[in-house]
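A short worksheet on the structure shown next.
The values are calculated or read from the model by the stated rules, or taken from the named source; none is laboratory data. The shown structure was predicted, so the numbers you read here are calculated from the model rather than taken from an experiment. Cβ coordinates were reconstructed from backbone atoms using ideal geometry, including for glycine residues, and neighbour counts include every protein chain displayed.
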Amino acid sequence: MQAIILAGGLGTRIRGTISDDIPKPMAPVNGKPFLEYVLQNLSQNKMKQVVLSVGYKHQSISNHFGSRFEGIDIHYSIENEPLGTGGAIRLALNTIPNDDESIFIFNGDTFFPIEIMKLQDFHEQSKSDVSIALKYLSNCSRYGSVDINEMGRITHFREKQNQSPGFINGGVYIINKSILTKTDLPEKFSFEKFLGERVNHLHLSGVSFDEHFRDIGIPEDYNKFISEIQEQL
């Protein structure tokens, strides 16, 4: 199994909480960077190879993790300028060392420790172009929501609106590479917008997971994650 982790974020909204010298995925949590928790979970799920898509202050990431971490071979895809999530994924695909058709994508600023083989099995059985790990929340206002039908087919991506309950995109995907490599796309684009514009043309599926979902996008959630980790010690 292989994965791309999008780890190039600047962390603008938590800049007053973490140092300007580090990218958002390196935000410290109980003495180690947030990204380490993401990689440890992937190691526990038997992930063998990861491409870290990096940009801002990327040396701090490569200096910390090097080429191997807890049994995972690590490669780096470096954005010389921000390419958006879609552009970053396309660039990182050039670094993938073998020809597997599908690959996992993870956001480097969210922690959603799902059983990734369950997502892979669902992806293969549903014959989807993209499968997304979903999380049900009682209030989707921070994230927007995802509509699915009874077969798990995604029918609509909704923008951040009201405080209604629903499924959110948990930031974990498995995609067929060809949807990006065989499509005429600009160098810079949003992967989320790409999916929203093609919801009626690609086979997009979602499956719900019960695992605890956390992101560190705003100080409140970042500090909450720190507190939760400390409580587990």
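Couple of notes before you dig in:
- Every residue from the stretch 108-152 that is in contact with a Pro (Cβ under 8 Å, 6 or more places away or on another chain) and not aromatic (F, W, Y): G108, D109, L137, S138, N139, C140
- Residue that is surrounded by the most Cβ atoms within 10 Å (Cβ to Cβ) [pool: residues in the stretch 201-233 that are at pLDDT below 95 and touching a helix residue (DSSP H, G or I) at 6+ places or on another chain (Cβ under 7 Å)]: I216
- One residue from L93, L134, L52 being surrounded by 18 or more Cβ atoms within 10 Å (Cβ to Cβ) and either touching a residue at least 60 places away in the same chain (Cβ under 8 Å) or more than 27 Å from E228 (Cα to Cα) (or both): L134
- Sole exception among (1) part of a strand (DSSP E or B); (2) in contact (Cβ under 8 Å) with a residue 24 or more places away in the chain for D147, by number: (2)
- Qualifying residue in the stretch 106-125 (condition: in contact with a His (Cβ under 7 Å, 6 or more places away or on another chain) and either within 30 Å of S164 (Cα to Cα) or outside any helix (DSSP H, G or I) (or both)): no
- Per the conditions (1) modelled with pLDDT under 95; (2) polar (S, T, N, Q); (3) part of a strand (DSSP E or B), the sole criterion not satisfied by N80 is (3).
- Residue list for the stretch 212-233, filter: over 18 Å from M26 (Cα atoms) and charged (D, E, K, R): E231
- Taken as a whole, the stretch 172-193 holds no residue that is of a type in the set (S, T, Y) and farther than 17 Å from V130 by Cα.
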